[in-house]
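**Q** Below you'll find the structure I mean.
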Amino acid sequence: MRVHLVNPSDNSFGTAVITPRWLFVLAAATPQSAGDPILVDESLEQILPESIMPSDIVGISVHTGNALRGYQVGRMARARGAWVVYGGIHATLFPEEAFERGDAHAVVKGDGDIAWGKVVKDCLAGKPSRIYEGGRIEGSEFLPARWDLIAPDKYMWASVQTIRGCPKHCSFCSVWRTDGQRPRQRQYQRVIDEIVDLRRLGFRFIALADDNFYPVTLTDLRLAREQNNTAKLAELTAIRGERFQLMDELAKLPKDMVFFTQITMEAGEDGEFLDAMRRANIKGALVGVEAVTPEGLKAVFKDWNYSGEALAKQLQTFKQHGVHVLGSFIFGLPTDKPATFDATVAMALKPGVTFAQFVMMTPFPGTVDFARWEKEQASHPTLVGDVPITRYWLIPPEVRPKMFTPHPSMSSDEIRERTQKVWDRFYNWRSIWERSACTPTLRARLGFIFLSKLYRQMYAGTGISTDSARRKKSRTWARWTARQCKKLFQAKPMPSLESPSWGLTFASSLLRRPAFSATEHQTDTGPFVVIPKS
Ligand code: B12
Ligand code: SF4
């Protein structure tokens, strides 16, 4: 019997940009009695059906975009006699779908860190439950990933989560509903231990895979103070303090390390925080700009964001403090007009934005937008084949519309074409060359150019492009560029690197624990085995 963990994907590039973290976390949650799991990331290569044997346990993670492929994998695995278990955000929101479409034996809702061990044991005993409630576990319970199982030469960036949940409530985002609005933060040393493990293996680029790296704003602190809410103020101050501790420790790691995260624009008001990010080598952050007009921001419940000149200034503030912005913009909002595309690209081309993504409005399940749309569709459902459009992820990709919700004044094709032009304009050679001047060396400049092109091509291959010929060309391009980029991202392994705190005489034995070794991962007695310092 073997445990297989499968990250489904229709697009295999042989090389991937960022590690799917769940694979390595669930590997850590797999009881030792089941042996080391086999990890299959289909964004590298597809699973071989012959690798699945009767009584094997196959764990499949589905988000909305890869659900259809995930169900295919599950049906194949069940037909070969395996136990099939689903988890991930989509399975959490639509557990019944995994049974109906994916031949599931069981579904885990919510976090898998604790629940997965129980699932494996129940499967081994031949009696899995139908649904497991993984819930929202505390930050102290998040498992460190088993990086010893990674093929380091396959990924450019590794991902480490430092916090889960987001206090905001944007209408297009499901995070605050599924992960909750209360930030669940990991103790900084646990994060550092994982990063040390990764640098030992030769990873120097790490994505801090957080929903929102800036969970406490200056406004939150001011309001708690004004309301004399001492308990709230203490809680917020503690969360903020832990962030600074993390960044102080990151700053002590090898100087060639580069971190990237996701943050709200309000961090631009907090110079102290941005300076700590710079010292910590957090060189870039995805900032959800979403819309450049006040009406657009209101439409997505993000009117606390900046627009117009104030937005341009705010984005530049990040750069002035040494944090590059990957601006994320949404097209297809009801308030968008043809002129919005020009205004957006003009804003993106201003000095504050180093990278940008222009995504088409997609109603993701679990969001306010999705609930509203589902309600509108209830009386007169639009069908594609026999699938209601509100279940668009079940529509075969060849016939799946590119946009799902009608726009009041533009057709889907018009929005798609205009979006395509914005991508082309932002990522043309000249603009990339100009932006690449922010890098310190020729090698870094080359890396910047490759990465910009790769980013653009990967997106073109995932739905925005106008026709399938272009999509195919994009994929070939992305594959080639990914191989070149990978070389630029690899660093010499540092097998004897230690965490800055392990050498401290006052550090507790827990602080001295490397995040993994061949013998110390999840045991049946619990994941946190303390390894005394030799
Ligand atoms: C980092 C991240 C990215 C990164 C890296 C992706 C990667 N390679 O992993 C990047 C930037 C590339 C990215 C891209 C996109 N992302 Co993203 N991303 C995230 C983010 C912030 C964290 C994911 C993560 O690593 N979490 C840490 C791991 C440990 O947690 P986890 O995956 O949730 O897994 C836990 C549980 O879910 C469960 N579990 C998961 N799988 C399984 C399987 C089994 C068998 C079991 C038992 C349990 C289990 O156990 C795990 C441990 O507790 C999430 C937000 C979030 N909170 O999840 C969004 C999120 C997953 N992304 C989202 C989206 C929409 C996208 C994009 C489509 C964005 C876009 N418009 O292009 C693309 C799609 C990329 C693709 N083709 O897959 C949405 C998905 C919504 C949905 N309903 O599907 C999320 C939820 C954010 C949101 N705003 O709502 N993303
Ligand atoms: S889009 Fe960002 S800020 Fe808004 S709720 Fe989601 S994670 Fe939070």
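Each row is one residue, and each column tells you yes or no for (1) at pLDDT below 95; (2) in contact with a Ser or Thr (Cβ under 6 Å, 6 or more places away or on another chain); (3) within 30 Å of residue 96 (Cα to Cα).
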{"position": "172", "(1), (2), (3)": "yes, yes, yes"}
{"position": "176", "(1), (2), (3)": "yes, no, yes"}
{"position": "194", "(1), (2), (3)": "no, no, no"}
{"position": "230", "(1), (2), (3)": "no, no, no"}
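**Q** Of the conditions (1) closer than 20 Å to residue 275 by Cα; (2) open to solvent by 50 Å² or more (accessible area, probe 1.4 Å), residue 228 satisfies every one except a single condition; which number is it?
**A** The one condition residue 228 does not meet is (1).
**Q** Checking the structure you have, find out if any residue of region 237-244 is among the β-branched types (Val, Ile, Thr), open to solvent by 60 Å² or more (accessible area, probe 1.4 Å) and at pLDDT 95 or above.
**A** First pass over region 237-244, keeping only residues among the β-branched types (Val, Ile, Thr): 237, 239.
Now drop any that are not open to solvent by 60 Å² or more (accessible area, probe 1.4 Å), which leaves 237.
Now drop any that are not at pLDDT 95 or above, which leaves 237.
For region 237-244, residues among the β-branched types (Val, Ile, Thr), open to solvent by 60 Å² or more (accessible area, probe 1.4 Å) and at pLDDT 95 or above: present.
**Q** Could you run through region 100-117 and say how many residues are more than 26 Å from the chain's Cα centre (by Cα) and either surrounded by 14 or more Cβ atoms within 10 Å (Cβ to Cβ) or under 25 Å from residue 193 (Cα atoms) (or both)?
**A** The initial filter retains those residues of region 100-117 that are more than 26 Å from the chain's Cα centre (by Cα), namely 100, 103, 105.
Now restrict to residues that are either surrounded by 14 or more Cβ atoms within 10 Å (Cβ to Cβ) or under 25 Å from residue 193 (Cα atoms) (or both): 103, 105.
Here the count works out to 2.
**Q** Right, something else. Using the structure shown, decide if residue 253 is touching a Ser or Thr at 6+ places or on another chain (Cβ under 9 Å), more than 16 Å from ligand 2 (Cβ to nearest atom) and assigned to a loop (DSSP other than H, G, I, E, B).
**A** It is true that residue 253 is touching a Ser or Thr at 6+ places or on another chain (Cβ under 9 Å), more than 16 Å from ligand 2 (Cβ to nearest atom) and assigned to a loop (DSSP other than H, G, I, E, B).
**Q** Anything in region 369-408 that is in a loop (DSSP other than H, G, I, E, B), hydroxyl-bearing (Ser, Thr, Tyr) and under 23 Å from residue 66 (Cα atoms)? List them, or say none.
**A** Correct list: 382, 405.
Residues checked against (1) modelled with pLDDT of 90 or more; (2) touching a strand residue (DSSP E or B) at 6+ places or on another chain (Cβ under 6 Å); (3) β-branched (Val, Ile, Thr):
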site	(1), (2), (3)
346	yes, no, no
359	yes, yes, yes
371	yes, no, no
379	yes, no, no
385	yes, no, no
402	no, no, no
406	no, no, no
411	yes, no, no
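**Q** Taking the conditions exactly as written (over 23 Å from residue 280 (Cα atoms), among the charged types (D, E, K, R) and either in contact (Cβ under 8 Å) with a residue 24 or more places away in the chain or away from ligand 2 (no atom under 16 Å from the Cβ) (or both)), does residue 319 satisfy them or not? Don't jump to the end; show me each part of the working.
**A** On the way: over 23 Å from residue 280 (Cα atoms): no; among the charged types (D, E, K, R): yes; either in contact (Cβ under 8 Å) with a residue 24 or more places away in the chain or away from ligand 2 (no atom under 16 Å from the Cβ) (or both): yes.
When the stated conditions are applied, residue 319 does not pass them.
**Q** Let me ask something else about it. Taking residue 162, is it within 18 Å of the chain's Cα centre (by Cα), of a type in the set (Ser, Thr, Tyr) and open to solvent by 20 Å² or more (accessible area, probe 1.4 Å)?
**A** Spelling it out, it is not the case that residue 162 is within 18 Å of the chain's Cα centre (by Cα), of a type in the set (Ser, Thr, Tyr) and open to solvent by 20 Å² or more (accessible area, probe 1.4 Å).
**Q** While we're on this one: Against the condition in contact with a Phe, Trp or Tyr (Cβ under 6 Å, 6 or more places away or on another chain) and surrounded by fewer than 20 Cβ atoms within 10 Å (Cβ to Cβ), how does residue 18 come out, does it pass?
**A** In short, yes.
**Q** Considering only residues that are open to solvent by 10 Å² or more (accessible area, probe 1.4 Å), among the small types (Gly, Ala, Ser) and in contact with a Phe, Trp or Tyr (Cβ under 8 Å, 6 or more places away or on another chain), look in region 32-64 and name the one that is nearest to residue 82 (Cα to Cα).
**A** 55
**Q** Within region 113-158, count every residue that is free of Cβ contacts under 8 Å to residues at least 24 places away in the same chain, of a type in the set (D, E, K, R) and in contact with a strand residue (DSSP E or B) (Cβ under 7 Å, 6 or more places away or on another chain).
**A** The number of residues fulfilling the criteria is 1.
**Q** A further question follows. If you check residue 354 against the conditions, is it within 20 Å of the chain's Cα centre (by Cα) and open to solvent by less than 20 Å² (accessible area, probe 1.4 Å)?
**A** Here the answer is yes, as residue 354 does meet what is asked.
**Q** Counting only residues that are within 12 Å of ligand 1 (Cβ to nearest atom) and open to solvent by 30 Å² or more (accessible area, probe 1.4 Å), how many does region 197-214 have?
**A** Here the count works out to 2.
**Q** Continuing with the same structure: Return the total of residues in region 300-324 being touching a strand residue (DSSP E or B) at 6+ places or on another chain (Cβ under 7 Å), closer than 28 Å to residue 334 by Cα and outside any helix (DSSP H, G or I).
**A** 3
**Q** Residues of region 151-196 being among the hydroxyl-bearing types (Ser, Thr, Tyr) and within 12 Å of ligand 1 (Cβ to nearest atom), which ones? Walk me through how you get there before you give the answer.
**A** Initially, region 151-196 is screened for residues among the hydroxyl-bearing types (Ser, Thr, Tyr), giving 155, 159, 162, 171, 174, 178, 188.
Of everything in region 151-196, those that are among the hydroxyl-bearing types (Ser, Thr, Tyr) and within 12 Å of ligand 1 (Cβ to nearest atom) turn out to be 155, 159, 162, 171, 174, 178.
**Q** For region 427-437, does any single residue satisfy the condition of being open to solvent by less than 60 Å² (accessible area, probe 1.4 Å), within 22 Å of residue 170 (Cα to Cα) and not in a loop (DSSP other than H, G, I, E, B)?
**A** Within region 427-437 (the criterion being open to solvent by less than 60 Å² (accessible area, probe 1.4 Å), within 22 Å of residue 170 (Cα to Cα) and not in a loop (DSSP other than H, G, I, E, B)), the answer is no, since none of the residues qualifies.
**Q** In region 77-96, which residues are of a type in the set (A, V, I, L, M), away from ligand 2 (no atom under 16 Å from the Cβ) and either within 22 Å of residue 178 (Cβ to Cβ) or buried (at least 17 other Cβ atoms within 10 Å of the Cβ) (or both)?
**A** Within region 77-96, the subset of a type in the set (A, V, I, L, M) is 77, 79, 82, 84-85, 89, 91, 93.
Applying the additional criterion that residues be away from ligand 2 (no atom under 16 Å from the Cβ) yields 77, 79, 82, 84-85, 91.
Listed by number, the residues that qualify are 77, 82, 84, 85, 91.
**Q** So, in region 214-238, how many residues would count as being β-branched (Val, Ile, Thr) and more than 21 Å from residue 318 (Cβ to Cβ)?
**A** 2
**Q** For region 138-150, enumerate the residues that are more than 9 Å from ligand 1 (Cβ to nearest atom) and either acidic (Asp, Glu) or farther than 28 Å from residue 448 by Cα (or both).
**A** 138, 139, 140, 141, 144, 146, 148, 149
The values are calculated or read from the model by the stated rules, or taken from the named source; none is laboratory data. Everything numeric in this text was worked out from a predicted model, so none of it was measured. Ideal geometry is used to build each Cβ from the backbone, glycine not excepted, and the neighbour counts take in all protein chains shown. For the accessible areas, the whole protein counts, side chains as well, though only heavy atoms, and no ligand, DNA or RNA atoms are used. Shrake-Rupley method; radii C 1.70, N 1.55, O 1.52, S 1.80 Å.
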